[in-house]
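Since the structure comes first, as structure tokens, the remarks are kept for the end.
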Amino acid sequence: MISEKMDERARTGREKENGQSGEAPAKRQESSRAVTEKAAGLSAERIAYLEGLVRQARTAAAVFTQYTQEDVDRIVKAMVLAGLANAEHLARLAIEETKIGVLEDKVIKNMVATEFVYNYVKDKRTVGTIHEYPERGIVEVAAPIGVIFSLTPITNPTSTVLFKCIMAIKTRNAVIFSPHPSAWRCCWEAVKIMAETAVKHGAPEGVFTCLESHTLEDNAYVMRHKDVGLIDATGGPGAVKAAYSSGKPALGVGAGNTPVYLEKTADLDMAVVDIIVSKTFDNGTICASEQTVVIDDEIYDLVLEKFAGLGAHICSAKETELLGRTVIDPKTGSMSPMAVGQKATDIARMVGISVKPNTKLLIAPIQGVGREHPLSVEKLFPVLGVYRARSVAEALKVCIDVNHLGGLGHTAVIFSRNDDVIQKFGEAMNAGRIIVNSPGSIGALGGVYNDMVPTFSFGCGTGGGNSTMDNVNIYHYLNIKRLARRTPPQMWFRVPNQIYFNRNAVENIRQFPSRSTIIVTNPSMEQFGHVDTVRRYLPAGTQVHVEVIPDAEPEAKVVMKGVETLNFYKADQIIALGGGSVIDAAKVMRLKYESPEADLEELAAPFLDLRKRVIQFPTVKTNRARLIAIATTSGTGSEVTPFAVLFDKEHGRKVTLADYSLSPDVAIVDPQFVMSMPKGLTADTGIDALTHALEAAVSVFASPYTDANALQAIPLIFKYLPIAYEHPRDEAARTMMHNASCLAAMAFSNAAVGVNHALAHSFGARFHVAHGRANALMLPHVIRYNASVPTKFMPSPNQVAYVADKKYAAMADGLGLGGRTTEEKVNHLVEAIEQLLDRLAVPRSIAELGISKEEFERAMPDLVKLAFEDPSWRSNPRMPLMSELVELFWKAYEGRGVASRAGVEPRLTA
Amino acid sequence: MATSAGWQTTDAEVGAPSWQAAREKVERAEGEVVVDCSAVGRIDPKALRALEDLADVADIKGVKVALRGVSIEMYKVLKLVKLGSRFSFLP
């Protein structure tokens, strides 16, 4: 007999006193002493007994981890059949012992706890992989909890045990039961039947045990035991509170006070029968059963008549008062235990009310909710409060009051055909189960009147002080692990869908019809005659207005003046003719023209991932003004990029806007517009293009698509930039540099830039140095920095390893620079860049610009702050520490060869 | 039979998952004993109790017990019942 084995094991535990704990003997004695000292009120013998139970459960749980899904399913099925076969036997025992409830209903409960629960769990996977989400790369793997300490109630004793045993075996857990003392014998029998059947069909010995003649101290000891993984406390508030106070993970579920709204559109015959079925089921012992029915005034009398016609006794005011004084304890305001689970006729007799012999239910009209209305509390017996409501609002309010009078999080019921009222009720109630047009108690159990998960344990959420609001089920008995595979991020490559390049590409603008075109440009473009060139190719009949903006990085006020022009001329086409500043200004003009509400400051909010940014740009209009960008420098690439940089004069900083809605619709890369570029501008913008390509190539967002463009641009720039610089009228060189600039821009439009740009933006804004020149000052130092092992790696799902150094080496190979090792190749690349910068006569140190060391040192905190706030570095392969930004600034200050000069210490002044 | 397991020299080796036999070996042995668990499919509570006894006897006798060929599943069970630290493990 399993019970004998259980007894024997318990005895063995007492005799051996920790002798089998698995720990080394000395340690065992020590821990035993410590435990004994802590367990005030428990004898050493009792502790040894409890330790024996826990140890036995721990062993069973450990052994159980080896079982397969097929093993547990086989055992569960056998247990369910045993439970069904013993449903009446156990129900009878429960009735005999507890004197609560109805035999026939307890049989049904035992059957629901086995058959219905089995129906829910039978096809569920609870061992190993239980769910797979291949599209998300997630696999959920179930692991048992181990030892569960389970408290079971007096009201549903055997059904709760059956239910929890099935859940435990299905999830490979061992359970130590602590039944309500007044239902111990029937629960012991239920545990025994389940344990015998489980072990007979292969479950590990000791998988279920039951505390004998236990006390609250016993419970407290086991609850706090280090080898108990979870407490599942179904019962009164005391048990639930003890469980939650133990410091252990707990499923504490407890009392309710179910309000019912019987609304005037309801099917009254159905409602009345359902309420009677539910409230009389097992004499009202299910905590989800109806407690107070709030009835619309229009149907109130009719409903009571129907109740009376089906065997309910409608109490007079005097009877109600008498009932309230008797079945509710006036001291505590709670139901009297002697009434729990008793028949209506017995309660009537107890109180002294005369009722018909076949009376099923006592209905007590109440005038309010609260302590002064005793029958408005939970009553686990067939006494039902009823309240007449004059409106939906009043009805909902009273239901809320009932809900808040000890029933938070539990169950609420509504009978109605009005979906709006049902919805309102659902929103108003704080209940895990809101049962619609069906009996509360059986409805809440799930699987009978609805598709909720079958349970004998109702989670009441935080309102009820519980950790869950669910119908407690197998998933609460599992640790579900998530195996998350690395998923390649979705990438993109977005550029304007029309890019026209090579000489006379500008002719293509004649294919774009327009009523009103605004040419945004700067004074020098007019002087060079470029504006006239553009005008020449616009279709006949196009009204053209030229908006000339200053030849400098645009400020917001310049943009807003342009927007006024766009509005005035109702522009349907904008042609940006100029360098990066002009094109950027035109991008923002279009944005504000089409979305005046757009807040530029807000749109410039920082973000880590373009796709997950908090601030979204306005939705692109379907008939938006066309933006044609004609680049007149070979560097910024603004003609194809989604970026726009504004200058914030007030704060001395650059504000970067980034969104693909900013990208021009058409890009014109025509070398005729760059033939007149001065040498200095050729050098500065050319280095900007080179920086774009280099940074895009090593960016954490680099992809084969961006690499194709970046790695094509780099050799073109190395070859043609010096020629364009030294021979400005060399059209072939100008053409290739113009194309290289656009290629680099397409790369960084999609892979972004890096820390070089963050440093250059900060430094350029603070000391008013041209962007390309600022980039040049940083470039050799940043490459060396990125090519070395990072102090801090940049988290990057798109990269499978740190490849920046290897990519630089590949660039060196592409340039034919030679070298055997990666380090040599990186050094050769830096040297080649140094030589290129020398050839372009670019200043090689910040010091050369006439900025004193003292001034630079004073500016350092601001420089570092601005650089760190700049979004550019977030795609850098190496995450820059602020101290490293300081170091890089100083290297740029010192200039060439600083990295190899001995004795130069970085000044950490940020 | 003395065997060498690289870093560990053994004085006796038990080749079958007979826990009683293993215990007897341990009682008679000195130094170290290897228990071959490679044939153990699933360990049950009875076997766990036997292993615990084995560990107790080994402690008293001052013998080290090494388990060979323990499956991942069995290793996990030994960790859960806190027996893992009382044995050494051989591949």
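The values are calculated or read from the model by the stated rules, or taken from the named source; none is laboratory data. Note that the structure is predicted; figures quoted are calculated from it, not measured. So basically every Cβ, Gly included, is an ideal-geometry build from the backbone, and we count neighbours across all protein chains shown. The accessibility values were calculated without ligands, DNA or RNA, using every heavy atom of the protein model including side chains. Shrake-Rupley method; radii C 1.70, N 1.55, O 1.52, S 1.80 Å.
Residue under question is B:Leu54, and the condition is that it be open to solvent by less than 10 Å² (accessible area, probe 1.4 Å), among the hydrophobic types (A, V, I, L, M, F, W, C) and in a helix (DSSP H, G or I); does it hold? The answer is yes for B:Leu54. Name the residues in the stretch B:79-89 that are at the interface with chain A (Cβ under 9 Å from one of its Cβ atoms) and either in contact with a Pro (Cβ under 8 Å, 6 or more places away or on another chain) or open to solvent by 30 Å² or more (accessible area, probe 1.4 Å) (or both), would you? The answer is B:Lys79, B:Leu80, B:Lys82, B:Ser85, B:Arg86. Here no helices (runs of 4 or more DSSP H) wholly within the stretch A:492-581 include at least 2 residues being within 25 Å of A:Gly652 (Cα to Cα), acidic (Asp, Glu) and in contact (Cβ under 8 Å) with a residue 40 or more places away in the chain.
Kindly indicate whether any position in the stretch A:831-844 is part of a helix (DSSP H, G or I), of a type outside the set (S, T, N, Q) and either more than 30 Å from A:Thr633 (Cα to Cα) or touching a strand residue (DSSP E or B) at 6+ places or on another chain (Cβ under 9 Å) (or both). There is no residue in the stretch A:831-844 that is part of a helix (DSSP H, G or I), of a type outside the set (S, T, N, Q) and either more than 30 Å from A:Thr633 (Cα to Cα) or touching a strand residue (DSSP E or B) at 6+ places or on another chain (Cβ under 9 Å) (or both). Tally the residues that are within 27 Å of A:Val207 (Cα to Cα) and in contact with a Phe, Trp or Tyr (Cβ under 8 Å, 6 or more places away or on another chain), restricting the search to the stretch B:54-91. Of the residues in the stretch B:54-91, 7 are within 27 Å of A:Val207 (Cα to Cα) and in contact with a Phe, Trp or Tyr (Cβ under 8 Å, 6 or more places away or on another chain). Within the stretch A:709-720, residues that are touching a residue at least 24 places away in the same chain (Cβ under 8 Å) reach partners that are outside any helix (DSSP H, G or I) with beta carbons closer than 6 Å, at six or more positions or on different chains, in the pairs A:Pro715/A:Leu815; A:Phe718/A:Leu815.
Residues that are open to solvent by 50 Å² or more (accessible area, probe 1.4 Å) and touching a residue at least 12 places away in the same chain (Cβ under 8 Å) within the stretch A:66-79 comprise A:Thr68, A:Arg74, A:Lys77, listed in sequence order.
Exactly one residue out of A:Ala94, A:Ala82, A:Ala60 is more than 14 Å from chain B (Cβ to nearest Cβ), of a type outside the set (Asp, Glu) and crowded, with 24+ Cβ neighbours inside 10 Å, and it is A:Ala94. Within the stretch A:179-204, residues that are without any contact (Cβ under 8 Å) to a residue 12 or more places away in the chain reach no partner that is hydrophobic (A, V, I, L, M, F, W, C) and open to solvent by less than 40 Å² (accessible area, probe 1.4 Å) with beta carbons closer than 7 Å at six or more positions or on different chains.
Report yes if A:Val800 is open to solvent by 60 Å² or more (accessible area, probe 1.4 Å) and modelled with pLDDT under 95, otherwise no. In short, yes.
Residues in the stretch B:35-47 that are within 11 Å of another protein chain (Cβ to nearest Cβ), farther than 12 Å from A:Thr65 by Cβ and open to solvent by less than 30 Å² (accessible area, probe 1.4 Å): B:Val40, B:Pro45, B:Ala47. Check whether at least one residue in the stretch A:208-220 is in contact with a His (Cβ under 9 Å, 6 or more places away or on another chain), open to solvent by less than 10 Å² (accessible area, probe 1.4 Å) and acidic (Asp, Glu), and report yes or no. The answer is no, given that none of the residues of the stretch A:208-220 is in contact with a His (Cβ under 9 Å, 6 or more places away or on another chain), open to solvent by less than 10 Å² (accessible area, probe 1.4 Å) and acidic (Asp, Glu). Checking the structure you have, find out if any residue of the stretch A:398-413 is open to solvent by less than 40 Å² (accessible area, probe 1.4 Å), of a type in the set (A, V, I, L, M), without any contact (Cβ under 8 Å) to a residue 40 or more places away in the chain and under 21 Å from A:Ile286 (Cβ atoms). So far as the stretch A:398-413 goes, no, none of its residues is open to solvent by less than 40 Å² (accessible area, probe 1.4 Å), of a type in the set (A, V, I, L, M), without any contact (Cβ under 8 Å) to a residue 40 or more places away in the chain and under 21 Å from A:Ile286 (Cβ atoms).
If B:Lys76 meets every condition in (1) more than 9 Å from chain A (Cβ to nearest Cβ); (2) part of a helix (DSSP H, G or I) apart from one, which number is that one? Status for B:Lys76: all satisfied but (1). Do we find a residue being open to solvent by 10 Å² or more (accessible area, probe 1.4 Å), away from chain A (no Cβ under 14 Å), over 28 Å from A:Val54 (Cα atoms) and free of Cβ contacts under 8 Å to residues at least 12 places away in the same chain anywhere in the stretch B:58-70? No. Scoring A:Ser354 on the criteria (1) open to solvent by less than 20 Å² (accessible area, probe 1.4 Å); (2) in a loop (DSSP other than H, G, I, E, B); (3) out of contact with any Ser or Thr (no Cβ under 6 Å at 6 or more places or on another chain) leaves a single failure, condition (1). Here A:Arg349 does not fit the description of being in contact with a helix residue (DSSP H, G or I) (Cβ under 9 Å, 6 or more places away or on another chain) and either open to solvent by 30 Å² or more (accessible area, probe 1.4 Å) or free of Cβ contacts under 8 Å to residues at least 60 places away in the same chain (or both). When restricted to residues that are assigned to a loop (DSSP other than H, G, I, E, B), among the basic types (Lys, Arg) and open to solvent by 60 Å² or more (accessible area, probe 1.4 Å), the stretch A:596-623 contains 1. Could you tell me whether any residue of the stretch A:175-186 is within 14 Å of chain B (Cβ to nearest Cβ), closer than 25 Å to B:Glu73 by Cα and either in contact with a Lys or Arg (Cβ under 7 Å, 6 or more places away or on another chain) or in a loop (DSSP other than H, G, I, E, B) (or both)? Within the stretch A:175-186, none of the residues are within 14 Å of chain B (Cβ to nearest Cβ), closer than 25 Å to B:Glu73 by Cα and either in contact with a Lys or Arg (Cβ under 7 Å, 6 or more places away or on another chain) or in a loop (DSSP other than H, G, I, E, B) (or both). Checking each residue in the stretch A:661-681 for being more than 17 Å from A:Thr636 (Cβ to Cβ) and either touching a helix residue (DSSP H, G or I) at 6+ places or on another chain (Cβ under 7 Å) or part of a helix (DSSP H, G or I) (or both) picks out A:Ser661, A:Gln672, A:Met675, A:Lys679.
Each row is one residue, and each column tells you yes or no for (1) at positive phi; (2) touching a Leu at 6+ places or on another chain (Cβ under 8 Å).
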| site | (1), (2) |
| --- | --- |
| A:Cys186 | no, yes |
| A:Gly206 | yes, no |
| A:Met223 | no, no |
| A:Lys226 | no, no |
| A:Gly229 | no, no |
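Quick check, is A:Glu394 assigned by TED's automatic domain parsing to the domain that holds A:Gly341 and in a loop (DSSP other than H, G, I, E, B)? No.
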